[in-house]
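*Asks:* Let me begin by handing over the structure; questions about it come next.
The values are calculated or read from the model by the stated rules, or taken from the named source; none is laboratory data. Just so it is clear, the structure is predicted and the values come from calculations on it, not from any experiment. Counting neighbours? That spans all protein chains shown, and the Cβs are built from the backbone with ideal geometry, glycine included.
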Amino acid sequence: MLDDELEYDKRCQQIRQENAALLGEFNHWLKKAGLGAATIRSHCTNLDFYLNHFLLYADTLTPADGVSCVGEFLGDWFIHKAMWSNKTTVKANATSLKKFYGFMAERGLIKPEEFASLKQQIKDELPDWLGAVERYNDPGADLLEDGWPI
């Protein structure tokens, strides 16, 4: 068991280093696109949480692996794990993830069809995610009735 934990920690450390370099490139890409410093900082903060916390929470997933995990993140994990989750932050994270995976597709790090699928998923599921975070943050909601684990 200890060997597995050490291997997991080692792999997480390696992925975090790769993520730092990738986020640096993404930061530069956003600057070239004309985004302001505060907006860039917000996108990079959102992505750091996604890449280095969610994708490494129970497995060692790379950013490319994570293109298929956005629904699980925004529709469930983020709502439960981020104290600051609300409708605004869900929308902001969806935007950050869309920009990031656009950058990844442009660089050839994910397939164009994966990016197209991600954009469609965000378009289709965002209303459900916003409803879920609203119910989760409603002190009067019966979360068990809504299917949320306590």
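*Asks:* Condition check: in contact with a Ser or Thr (Cβ under 8 Å, 6 or more places away or on another chain), surrounded by fewer than 20 Cβ atoms within 10 Å (Cβ to Cβ) and among the hydrophobic types (A, V, I, L, M, F, W, C). Does Ala21 satisfy that?
*Replies:* Values: in contact with a Ser or Thr (Cβ under 8 Å, 6 or more places away or on another chain): no; surrounded by fewer than 20 Cβ atoms within 10 Å (Cβ to Cβ): yes; among the hydrophobic types (A, V, I, L, M, F, W, C): yes.
No; evaluated as a whole, the condition is false for this residue.
*Asks:* What are the pairs, 6+ residues apart or on separate chains, where a residue within the range 64-86 that is within 13 Å of Leu130 (Cα to Cα) has its Cβ under 6 Å from a residue that is surrounded by fewer than 19 Cβ atoms within 10 Å (Cβ to Cβ)?
*Replies:* Listed by first residue and then by second, the contacts come to Gly71/Gln121; Gly71/Glu125; Ile79/Tyr136.
*Asks:* OK, next. Take Tyr101 and decide whether it is crowded, with 16+ Cβ neighbours inside 10 Å and closer than 27 Å to Leu35 by Cα.
*Replies:* Working: crowded, with 16+ Cβ neighbours inside 10 Å: yes; closer than 27 Å to Leu35 by Cα: yes.
Criteria met by Tyr101.
*Asks:* So, one more: Out of Leu109, Leu51, report the one residue that is under 22 Å from Asn27 (Cβ atoms), out of contact with any helix residue (DSSP H, G or I) (no Cβ under 7 Å at 6 or more places or on another chain) and in contact (Cβ under 8 Å) with a residue 24 or more places away in the chain. Before you say what the answer is, go through the steps one by one.
*Replies:* Numbers: Leu51 fails: out of contact with any helix residue (DSSP H, G or I) (no Cβ under 7 Å at 6 or more places or on another chain).
After ruling out the rest, the residue left standing is Leu109.
*Asks:* Considering only residues of the range 93-114 that are hydrophobic (A, V, I, L, M, F, W, C) and closer than 16 Å to Glu72 by Cα, which is nearest to the chain's Cα centre (by Cα)?
*Replies:* First, the residues of the range 93-114 that are hydrophobic (A, V, I, L, M, F, W, C): 94, 97, 100, 103-105, 109-110.
If we keep only those that are closer than 16 Å to Glu72 by Cα too, we end up with 94, 97.
Details: Ala94: 8, Leu97: 6 Å.
Per the stated criteria, the residue is Leu97.
*Asks:* Asp146: among the acidic types (Asp, Glu), in contact with a helix residue (DSSP H, G or I) (Cβ under 6 Å, 6 or more places away or on another chain) and either farther than 30 Å from Leu22 by Cβ or at pLDDT below 95 (or both), yes or no?
*Replies:* yes
*Asks:* Does Ala141 satisfy the condition of being under 21 Å from Thr39 (Cβ atoms) and either modelled with pLDDT under 95 or surrounded by 18 or more Cβ atoms within 10 Å (Cβ to Cβ) (or both)?
*Replies:* Working: under 21 Å from Thr39 (Cβ atoms): no; either modelled with pLDDT under 95 or surrounded by 18 or more Cβ atoms within 10 Å (Cβ to Cβ) (or both): yes.
So Ala141 fails the test.
*Asks:* Could you please find all residues in the range 28-66 being modelled with pLDDT of 95 or more and among the acidic types (Asp, Glu)?
*Replies:* Answer for the range 28-66, where residues must be modelled with pLDDT of 95 or more and among the acidic types (Asp, Glu): Asp48, Asp65.
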